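J.: Take a look at the following structure, please.
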Amino acid sequence: MTDQTLMERIVKFRSEPKNQSPHAQFLGLQIVDIELEQAVIKIPYSKDMAGNAATGILHGGLVTTALDSASGLAVFAALEEFMTIATLDLRIDYLKPATPEQAIFAWAHCYKTTRNVCFVRGVAYHEDRNDPIANCTATFMVTNQAGVTAQDRIESRNPEGSV
């Protein structure tokens, strides 16, 4: 179920030119769903993005882009305000090729935030998240321009240290 307030915040944030990714726009990346710590994105099928023109199977780089984008969005959905993030590590296990003429969806969950790093897991799929094209794990560096980390922010909300 979409968190409407969170979705509106992210859509507003992405509407500013400085926060837009030309690459994501070129691919037609769409936000499908956002919940606390989770996100789903979609990249529509395009024969121009096929890795093999004869089979029509989408290039594996689109799966990587989908998972990285959904993972970053899940990190944003785990934080109370937007902060600078960067992908530190992205590991993908490709389980099968994407099916021609079908969109790629990517779901990601930011399951742990520490002082400087957020941890994410996700899957790329067509219609059923339980039938993945690929699995991923990712880590993201999180900071803002003043150097305040995500964990600093969590501790300031909860001074006793329990999360």
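J.: Select from the range 102-129 the residues that are assigned to a loop (DSSP other than H, G, I, E, B) and of a type outside the set (Lys, Arg) and write down the one among them that is most open to solvent (accessible area, probe 1.4 Å).
T.: Going through the qualifying residues, I end up with 127.
J.: For the range 98-117, what are the residues that are within 13 Å of the chain's Cα centre (by Cα) and modelled with pLDDT under 90?
T.: If the condition is that a residue be within 13 Å of the chain's Cα centre (by Cα) and modelled with pLDDT under 90, then no residue fits.
J.: Pick out the one residue from 99, 64 that is surrounded by 15 or more Cβ atoms within 10 Å (Cβ to Cβ), among the polar types (S, T, N, Q) and part of a loop (DSSP other than H, G, I, E, B).
T.: The unique qualifying residue is 99.
J.: Test of understanding: among 102, 38, which residue is within 20 Å of residue 8 (Cβ to Cβ) and of a type in the set (S, T, N, Q)?
T.: Criteria check complete, one pass: 38.
J.: Looking only at the range 53-77, which residues are free of Cβ contacts under 8 Å to residues at least 60 places away in the same chain and within 21 Å of residue 138 (Cα to Cα)?
T.: In the first step, residues of the range 53-77 are kept if they are free of Cβ contacts under 8 Å to residues at least 60 places away in the same chain; the result is 53-62, 64-66, 69-70, 74.
The answer is 59, 60, 61, 62, 64, 65, 66, 69, 70, 74.
J.: Another question, then. Tell me which residues, restricted to the range 30-52, are without any contact (Cβ under 8 Å) to a residue 12 or more places away in the chain and either of a type in the set (Phe, Trp, Tyr) or part of a loop (DSSP other than H, G, I, E, B) (or both).
T.: Scanning the range 30-52 gives 51, 52.
The values are calculated or read from the model by the stated rules, or taken from the named source; none is laboratory data. Note that the structure is predicted; figures quoted are calculated from it, not measured. Backbone-built Cβ (ideal geometry, glycine too); neighbour counts: all protein chains shown. Areas reflect the complete protein model, heavy atoms only, side chains present, ligands, DNA and RNA absent. Shrake-Rupley method; radii C 1.70, N 1.55, O 1.52, S 1.80 Å.
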